[in-house]
1. Going by what's in this entry, would SER427 be described as over 21 Å from GLY185 (Cβ atoms), in the same structural domain as MET25 (by TED's automatic domain parsing) and either in contact with a Lys or Arg (Cβ under 7 Å, 6 or more places away or on another chain) or touching a residue at least 24 places away in the same chain (Cβ under 8 Å) (or both)?
2. So in the range 127-151, with the set limited to residues that are part of a helix (DSSP H, G or I) and surrounded by fewer than 17 Cβ atoms within 10 Å (Cβ to Cβ), which one is modelled with the lowest pLDDT?
3. When the range 383-414 is examined, which residues are found to be touching a Lys or Arg at 6+ places or on another chain (Cβ under 7 Å) and farther than 15 Å from PHE175 by Cα?
4. Report, by residue number, each residue of the range 36-82 that is polar (S, T, N, Q) and either surrounded by 15 or more Cβ atoms within 10 Å (Cβ to Cβ) or touching a Lys or Arg at 6+ places or on another chain (Cβ under 6 Å) (or both).
5. Taking the condition more than 28 Å from ASN83 (Cβ to Cβ), of a type in the set (Gly, Ala, Ser) and buried (at least 18 other Cβ atoms within 10 Å of the Cβ), does ALA443 pass?
6. Check TRP18 against each of (1) crowded, with 17+ Cβ neighbours inside 10 Å; (2) farther than 19 Å from ILE346 by Cβ; (3) without any contact (Cβ under 8 Å) to a residue 12 or more places away in the chain and name the one condition it does not meet.
7. Every residue in the range 203-237 that is surrounded by 12 or more Cβ atoms within 10 Å (Cβ to Cβ), within 29 Å of PHE260 (Cα to Cα) and not hydroxyl-bearing (Ser, Thr, Tyr), please.
Amino acid sequence: MYQKKPEIGKGVDWLMVWLFAILVMIGLVCIFSVEYRSSDGVIQSFLGFKKNYSKQFFFFLACIVLATFILLTDSKFFTATANLSYMVGILLVLATFVIGKEIKGSKSWIPLGFMNLQPVELCKIFTALALAKFLSMQETDFERPKAQLIAAAIAFSPAVLSVAQGETGLALVYFSFLIPMYREGLPPGYLIFGASLGVLLVVSLLLSTKTLLILFTVLAALVIYFNRRQVRRNNKLLIIIVSAWAFCALFVGVAIPFTFKHVFKQYQADRIFSMVGVDNPFADKNAVETMSPEELKIKQRKSEQQNYNVKQSKIAIGSGGFAGKGFLKGTQTQGDFVPEQHTDFIFTSVGENFGFIGCFTLLLIYLGMILRIIFLAERQRSTFSRVYGYGVASIIFFHVVVNICVTVGLAPVIGITLPLLSYGGSSLITFTILIFILIKLDADRQMVLR
């Protein structure tokens, strides 16, 4: 399974390595800028493993060792162990229900002493490998519904478990695997259907269920009226229109209320509706009516503080202006006004310290990395390597877009890290493994893998 005389630098795409290193260094600078105080000794605090930037630095050193190990591994090892690693990942996620540690309402962490491991984060690697393995099998005919269902089960099973853990943010990331599936022949109708559901969801946040049902009925009646001749000639058209109306009505009248009442937690649903400036219509009114005056005050106080993160984030980014306030000169981030500013809201440090120029440069680096990954994926001889490459690109793209949209208030707060920048051992290790497996596969791109 291993090469007799492995050469670590042979065939390595050094541009990807440098993009990786640059992003990690930017992350260290940003974490340092929000936690460092003038009373701290720079060298002592970096080596003390007490500050978050110190821990991230040591995680980075561990990632260098891990990346070296991956580059010395035979590429066939990843295809041979893809299914086994996926099973191990699922078992780790299931283990959190028994030995998991609850952090911020999510029981998705396994304590390891020096860090907390989040299996559903690592499972993205195993899912990408398993999906690539399945789609690269010679007997897989992805045009058949059976193969499409199996691929969907591989991609979304960890997401279902993540929702059960209360980690809905990471569960959404697994929808990024639709991109590599589309690249390999998934009919575009599935994506159109998914996009339509998204539009229906957004519209349902803005309008009441009764209003939407009336609009759907009127729209269906108008379509039937203006196409009455075709309907008389072809009854199938009438069946299609009625079926579309029934589906929309059930989705808005049954599926959405059920999701907001039983899938999302109260505070998550409130955050989503607060984005569009309306109260949550699916809130438990009976529970509110039975609350004592003190409990009502606490609820109102929490409601007022729900968007505090995003408000402070906007203030921090806006205060940076065009060129930023300068390194270690950010009043919002240095003053700890932005919650979770070293993890999910690390982008605020870039905005306040380096302004629009810094934010734009960071986005260009991410864009360059994603485009480079797609380039690497397209030049692979093996379907396995190509599918895996597109999986890595889609995961990074999803994380970047959602994290920044959350930071600037364009999406509800769902707890998604900014790749290679946000503090966290699980996140940094996950993206390191994802990227360097791709680099290794690309180094052996002349080899046909299955």
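1. Numbers: over 21 Å from GLY185 (Cβ atoms): yes; in the same structural domain as MET25 (by TED's automatic domain parsing): yes; either in contact with a Lys or Arg (Cβ under 7 Å, 6 or more places away or on another chain) or touching a residue at least 24 places away in the same chain (Cβ under 8 Å) (or both): yes.
When the stated conditions are applied, SER427 passes them.
2. As a first pass, look at the range 127-151 and keep what is part of a helix (DSSP H, G or I): 127-136, 145-151.
Retained after the next criterion (residues that are surrounded by fewer than 17 Cβ atoms within 10 Å (Cβ to Cβ)): 145-146, 149-150.
Numbers: PRO145: 86, LYS146: 89, LEU149: 91, ILE150: 91.
Looking at the filtered set, the residue picked out is PRO145.
3. Residues of the range 383-414 touching a Lys or Arg at 6+ places or on another chain (Cβ under 7 Å): 384-385, 390, 395, 408-409, 412-413.
Within the range 383-414, PHE384, SER385, VAL408, GLY409, PRO412, VAL413 qualify.
4. First, the residues of the range 36-82 that are polar (S, T, N, Q): 38-39, 44-45, 52, 54, 56, 68, 73, 75, 79, 81.
The answer is SER45, ASN52, SER54, GLN56, THR73, SER75, THR79, THR81.
5. On the way: more than 28 Å from ASN83 (Cβ to Cβ): no; of a type in the set (Gly, Ala, Ser): yes; buried (at least 18 other Cβ atoms within 10 Å of the Cβ): yes.
Spelling it out, it is not the case that ALA443 is more than 28 Å from ASN83 (Cβ to Cβ), of a type in the set (Gly, Ala, Ser) and buried (at least 18 other Cβ atoms within 10 Å of the Cβ).
6. (1)
7. Passing the criteria: VAL203, LEU205, LEU206, LEU207, LEU212, LEU213, ILE214, LEU215, PHE216, LEU219, ALA220.
Listed here are the residues, each with its yes/no results for (1) out of contact with any Ser or Thr (no Cβ under 7 Å at 6 or more places or on another chain); (2) in the same structural domain as GLY424 (by TED's automatic domain parsing); (3) over 29 Å from ARG386 (Cα atoms); (4) not hydroxyl-bearing (Ser, Thr, Tyr).
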| position | (1), (2), (3), (4) |
| --- | --- |
| VAL65 | yes, yes, no, yes |
| LEU94 | yes, yes, yes, yes |
| GLN138 | yes, yes, no, yes |
| ALA147 | no, yes, no, yes |
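The values are calculated or read from the model by the stated rules, or taken from the named source; none is laboratory data. Bear in mind the structure is a predicted one, so any value in this text is a computation, not a measurement. Every residue, glycine among them, receives a Cβ derived from its backbone with ideal geometry; neighbour counts consider all protein chains shown.
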